[in-house]
Structures are given as structure tokens and as C-alpha cells.
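Okay, structure first, notes after.
The values are calculated or read from the model by the stated rules, or taken from the named source; none is laboratory data. It should be emphasised that the depicted structure is a prediction, and the values quoted were computed from it without experimental measurement. All Cβ positions, glycine included, derive from the backbone under ideal geometry; neighbour counts span all protein chains shown. The area values use the complete protein model at the heavy-atom level, side chains included, leaving out ligands, DNA and RNA. Shrake-Rupley method; radii C 1.70, N 1.55, O 1.52, S 1.80 Å.
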Amino acid sequence: MPTAFPQEAAELRLLATRFDAHRGKLPDLSHPHRQPDLPLLARHFTELGELAAELGRDVRDQHARPVSERSRMHLTHLATAAHAAGEATARLGRAVTQLAFLTDTQPRREHPDLLDARESAQAVIADELAAARVVLDDAANTLHSLAFHSSPPPLTTAAARSRSTVTAGVPRAAVTVMSAGIPAVRAGAIHGLRGR
């Protein structure tokens, strides 16, 4: 049954596409010796941080509204999305830090004292970017699901969505998804939406 707050379903759907877009901006590390572009990654880090801050303000603003003007789980959905954006931002922040270290030490990259540290930095960058991808992917999928259960889209849209949900094969072990708060939404919020 469609929700009594159709604007919330539209908002969740828009948020899901924004998370999808951020995931799509992550650099491809399939080439083992190719480093991400530092200015580009720093800009993406800034954009994700702005999304997290925006969602935090949304939680504050929604809380100020009368309960009758919002669904009983909407604050949870927004807060969970903010948490996921913050988690992905933190992951990118660690990658940017290590990438800056590699940039600073590039002129002395063959120095014996730096070899291990530079190798470790490259591994951290790969791990953090993979973890950020998982967080963004799970957040987008969860928001799409919440939006669908709030106000199902037309069948043609749903069919197209089901054909386009193949995501990059990032090992789930790369990140503890629970840290992004996503399972709490999957386990409880969807049932809360259905129960309205």
C-alpha cells in the first residue's frame, strides 16, 4: 500500500541514486600499479563529507517537524543514510591520507627506509576504497528497497531496476557492513514501513 508520505519515498529514491553516483566516482584500482589521482580523490572526499553533513541537517530539520507530518521511521532512515555517508567519507579520508604520503615521498620512493611504508600505504588505499565501495553500495541498495516498500514504482521501472542491480564484485569481507548501520534498517525499518 502506498505510504501516506509519498514525498519521503521520493526522497529515499533520490538519496539512493546519489549514493550510486558516489560509488561510481570511486577510482578503478584494477591496475595494480596505478594510483588514484589525489586532487580528484580529495574532491570526492569533500563531496561525500558534504552529503553526510546535509543528511545530518535533514535529521535535525525532520525532528523539528510535528510527528504527524512524517512517518515514524523516516528519522531512522535519514540517520542511517547519514551514518553510511560518514563511514564512506572516513574511508576515503584514510585513502587520501595515504595517497598524500605516497605523493610526498615519491621523490625518495627507492629509499630503503620508505619501501615498506609505501607498500603499506598502497595496500591501505586499496582496502579503504574497496570498503567505501561496499558501504555506498549497501546504502544505495537499502535506500532503493525502503523507497520501493514505501511507494512501489511502476512495474516497468521495477523491472528495469531488477536488470541493473549487478554490482562490482568487491569482497564483502573488505568491510564490516554493520559499522555503516545498514543491517538495522534492513531488519527493522522495512517491517516498520510495511506495518504503517
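Scanning segment 47-70 for residues that are surrounded by 14 or more Cβ atoms within 10 Å (Cβ to Cβ) and of a type in the set (Val, Ile, Thr) turns up just one, Val59. Does segment 80-103 hold any residues that are in contact (Cβ under 8 Å) with a residue 40 or more places away in the chain and of a type in the set (Gly, Ala, Ser), and which are they? Within segment 80-103, Ala81, Ala84, Ala85, Ala88, Gly93, Ala95, Ala100 meet the criteria. Cβ-Cβ contacts under 8 Å between residues 6 or more apart (or on different chains), taken from a first residue in segment 62-77 that is within 19 Å of Ala52 (Cα to Cα) to a second residue that is of a type in the set (Phe, Trp, Tyr) and open to solvent by less than 60 Å² (accessible area, probe 1.4 Å), are listed as His74/Phe5. Would you call Gln106 open to solvent by 40 Å² or more (accessible area, probe 1.4 Å), without any contact (Cβ under 8 Å) to a residue 24 or more places away in the chain and assigned to a helix (DSSP H, G or I)? For Gln106, the condition - open to solvent by 40 Å² or more (accessible area, probe 1.4 Å), without any contact (Cβ under 8 Å) to a residue 24 or more places away in the chain and assigned to a helix (DSSP H, G or I) - is met.
Annotation for segment 71-90: at least one member residue is open to solvent by less than 30 Å² (accessible area, probe 1.4 Å) and modelled with pLDDT under 85.
Evaluated against (1) touching a residue at least 24 places away in the same chain (Cβ under 8 Å); (2) open to solvent by less than 30 Å² (accessible area, probe 1.4 Å); (3) part of a helix (DSSP H, G or I), Ala121 falls short on exactly one condition, (1). On the given criteria, is Ala88 in contact with a Ser or Thr (Cβ under 9 Å, 6 or more places away or on another chain), of a type in the set (A, V, I, L, M, F, W, C) and in a helix (DSSP H, G or I)? Criteria not met by Ala88.
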